[in-house]
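The values are calculated or read from the model by the stated rules, or taken from the named source; none is laboratory data. Predicted, not measured: the structure shown is a model, and the values here were computed from it. Neighbour counts run over all protein chains shown; Cβ positions are idealised from the backbone, glycine included. With ligands, DNA and RNA removed, areas are computed over all heavy atoms of the protein, side chains included. Shrake-Rupley method; radii C 1.70, N 1.55, O 1.52, S 1.80 Å.
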Amino acid sequence: MSNHTTIWENARIATMQTGTGPYGLIDDGFIVVAGEQIQDIGSANPVHPIAGDVDSRRIDCGGRLITPGLIDCHTHLVYGGNRASEFELRLTGTSYADIAAAGGGIQSTVQATRNEAEDVLFDAARERLQRMISQGITTVEIKSGYGLDTDTESKMLRIAQRLERDLPLCVHKTFLGAHALPPEYAGQPDNYIDHVCQHMLPAIASESLVDSVDAFCETIAFSNEQTRRVFTAASDLGLPVRLHADQLSDSGGASLAAEFAALSADHLEYTNAAGAKTLGAAGTVAVLLPGAFYYLGETTRPPVKAFREYGVDIAVATDMNPGSSPMESILLALNMACILFALTPEEALRGVTVAAARALGVLQDRGTLEPTKRADFAIWNAAEPAELCYPIGAPQPACVVKSGQVLTGHLS
Ligand code: NIG
Ligand code: FE
């Protein structure tokens, strides 16, 4: 690590540390960054010059607000094609589930993703990710699930890995082989799940392309029993799990995720109070995806009150994907989480920082601003944290810092 030290001073800092008042706010604050890490954080100016450091510089933040780098903990941002024609169908009365049953939906993106060259997919995903970084994202989760064969699933996750190397941000790679039934296995879902568990997952995990394993447990996808087999295979490989749960019906997905101490259970519109209680007891994070709720015209809301009652940590993410949530903006997701799901702005902001970090298992390194954590933060032309949630799509941050380096923007 370089001994280069930067002092970001004259800032209002939403550290998002718990137990330190709303948003963990520090007024007239400073952050001392050494190399990639936060060395010190506090109020008023640190002793200066910093002892023994010949190479320190100070940056005046002009009283702006600093938040942790935002974390989008649920995306499907590597994919081919688009689903505009299905959008038209939906608006003339065909439902998302009907389109899926007729071989469209996820299947149509699978065909497009299989047929597209790796470099073309990479370039498209890179452009999406750059727009997301400009909104303050410094960590993103990316799922496979539009391949449904070993080659294409591993192609998608290789792209996620290349994105992390090419763009200076953290990428969490999730294997979602059990997203839909591929056409080769039509009518044989159990055989496909066997293939996922015995061949695809071990092969892809052996290439170090998997940080966690997801599945779509739903009437139009896989049953509890099939999901359980995928989770058992993941656990046998020492991989944590997460679940697309109770999105379109109450399938008992939340309880199943809790049973496996999943990192997260996501969507949860149809989760009942008993399911919420199991999430709380297991410490599984509830990831709310207001973009998909909005885009599918859902009316049943996730049980936010029960989550609060049972101490379930609530994260918020874009679910960026071409079918149910073609939305890149984490800032719009913040606003939607407040308006559609009645989260408070503080809960919503926790949802894209500290709770999102927990959902990815990286809270020890990211998600709050405190000494020894990675120096990932966004600097906003704002004074109050609620300004990030209150407009319909907040203004972009003035500057995004990742591992101590300015990723985008400048302060002037
Ligand atoms: O999170 N629910 C399943 N998977 C995605 C949708 C994927 C798609 O429609 O392409 C979701 O909503
Ligand atoms: Fe999703």
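Tabulated data for the structure shown
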{"item": "Residue that is modelled with pLDDT of 95 or more, acidic (Asp, Glu) and within 15 Å of ligand 1 (Cβ to nearest atom), where the choices are 164, 153", "result": "153"}
{"item": "Where a residue in the stretch 246-261 is free of Cβ contacts under 8 Å to residues at least 40 places away in the same chain and its partner, wherever it lies, is within 15 Å of ligand 1 (Cβ to nearest atom) and acidic (Asp, Glu), with Cβ under 7 Å and at least six apart", "result": "246/269; 249/218; 251/218; 253/246; 254/246"}
{"item": "Enumerated strands (runs of 3 or more DSSP E) restricted to the stretch 356-412, each holding at least 1 residues that are at pLDDT 95 or above and within 21 Å of the chain's Cα centre (by Cα)", "result": "377-380, 399-402"}
{"item": "Qualifying residue in the stretch 102-116 (condition: open to solvent by 60 Å² or more (accessible area, probe 1.4 Å), modelled with pLDDT under 90 and within 23 Å of residue 398 (Cα to Cα))", "result": "no"}
{"item": "Candidates 75, 67 - the one that is near ligand 1 (Cβ under 10 Å from one of its atoms) and polar (S, T, N, Q)", "result": "75"}
{"item": "Failed condition for residue 271, given (1) within 16 Å of ligand 2 (Cβ to nearest atom); (2) closer than 18 Å to residue 97 by Cα", "result": "(2)"}
{"item": "Set 145, 136: member being in contact with a Leu (Cβ under 6 Å, 6 or more places away or on another chain) and within 16 Å of ligand 2 (Cβ to nearest atom)", "result": "145"}
{"item": "Residues (outside the structural domain of residue 399 (by TED's automatic domain parsing), of a type in the set (D, E, K, R) and open to solvent by 50 Å² or more (accessible area, probe 1.4 Å)) located in the stretch 53-88", "result": "88"}
{"item": "Residue match in the stretch 257-264 (condition: over 23 Å from residue 368 (Cα atoms) and within 16 Å of ligand 1 (Cβ to nearest atom))", "result": "yes"}
{"item": "The stretch 304-325 residues that are in the same structural domain as residue 87 (by TED's automatic domain parsing) and within 16 Å of ligand 2 (Cβ to nearest atom), paired with ones that are open to solvent by 10 Å² or more (accessible area, probe 1.4 Å) and of a type in the set (Val, Ile, Thr) (beta carbon under 8 Å, 6 or more apart)", "result": "323/106"}
